[in-house]
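The values are calculated or read from the model by the stated rules, or taken from the named source; none is laboratory data. Only a predicted model underlies this, so the values are computations on that prediction, with no experimental measurement involved. Because the Cβ atoms are built from the backbone with ideal geometry, glycine has one as well, and the counts that use them run over all protein chains shown.
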Amino acid sequence: MNPLVEPFSLALLGLVIAALLLDLLLGDPPWLPHPVVGMGRVIARLERAWNYGPAAVRRRRGRWLVLVVVGGSWALAWGVLAMLAWLSPWLALAAELGLLATTLAARGLAEAARAVAAPLARGDRVEARRALAMIVGRDTEALDEGELARGAVETVAENTVDGITAPLFWALVGGAPLALAYKAANTLDSMVGYRSPRHLDFGRAAARFDDAVNWLPARLTALALWLAAWAIPGSRRAGVLAATRREAPRHPSPNAGWPEAMVANLLGVRLGGLNHYAGRPSHRATLGTALEPLAVGHIGRAIRHMHGGWLAFLLLMSLPTLAWELLS
């Protein structure tokens, strides 16, 4: 339980909304220490210390890694807030607001996508490729306008969950401690959860845990994106829900396919296809129907859907809080 505010309370809802507004206003100032950086350093040190030996040993240590990093992030945040609440409730309130804001990335995600769109719109593909390389793992050196737009749109769609709606979900359930625990799980997956020879066994638990904590937020986000699309001109809506349910399981991730398929169908474009990683081709199932070719304009439209999606998601998540307040 949060030491300052109760789960599913109007106080917590107001705090989460304030944190989201703070993120939209300031983003992540580079001069301000960020909890995810600290999480990354801890994960890197534990990975070097624990990731050796037989496969069974690596898998067991990988489970301990999840427990230590995720549980430790929750416990540290809870302890700090409890101590501050003992000193001054207002001090704890300010600290929790700041911690919650660090778990959200609405402004940063939009800025990263615009950093690709702006040079692409003026014909500077070299700068657009450089900007895209900052946010994706695929090779970008030879990408044309359509592929650059695809990379940016896919990034916006997928990270709407990781960077905005899933942290909102867990924040509304358990405040800053649970939101930071989610970010710890997400950081673990990004660092050790991929299927490389080094991390296949050690990162298995991290990948599965990340899949579990994103399962419901990803599907609720797809629904929220569709609901918000009714207020966004030019969006396709007919048949989009059915198409998303059909196409989302094609994605290699059990969760990322839901927002990506929804955005692809709302925009009337095709996402997925052929990517190259360090020169090696990687084929990903396609999502959506190509009613129009991908172009720079779709990046801005994807950003609008992202903002509409998190707003609709927040409204959906407010319903349990309002119901709880009415019934209590």
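Any residue at all in region 223-243 that's in contact (Cβ under 8 Å) with a residue 40 or more places away in the chain, of a type in the set (Val, Ile, Thr) and part of a loop (DSSP other than H, G, I, E, B)? Walk me through how you get there before you give the answer.
Going through region 223-243, the residues in contact (Cβ under 8 Å) with a residue 40 or more places away in the chain turn out to be 223-229, 231-232, 234-236, 243.
From what's left, of a type in the set (Val, Ile, Thr): 232.
Remaining after also requiring part of a loop (DSSP other than H, G, I, E, B): 232.
Yes, region 223-243 has at least one match.
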_Any chance residue 323 is in a helix (DSSP H, G or I) and crowded, with 17+ Cβ neighbours inside 10 Å_ = no
*Between a first residue in region 173-189 that is of a type in the set (S, T, N, Q) and a second residue that is part of a helix (DSSP H, G or I), which pairs have beta carbons less than 7 Å apart while being 6 or more apart in sequence or on different chains?*
186/162; 186/210; 187/36; 187/39; 187/40; 187/43
*asked:* Which condition from (1) in contact (Cβ under 8 Å) with a residue 40 or more places away in the chain; (2) outside any helix (DSSP H, G or I) is the one that residue 140 breaks?
replied: (1)
*What tally of residues in region 68-90 results from selecting those that are surrounded by 19 or more Cβ atoms within 10 Å (Cβ to Cβ) and of a type in the set (Val, Ile, Thr)?*
2
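Filter region 236-248 down to the residues that are touching a helix residue (DSSP H, G or I) at 6+ places or on another chain (Cβ under 9 Å) and modelled with pLDDT of 95 or more and list them by number.
240, 241, 243, 244, 245, 246, 247, 248
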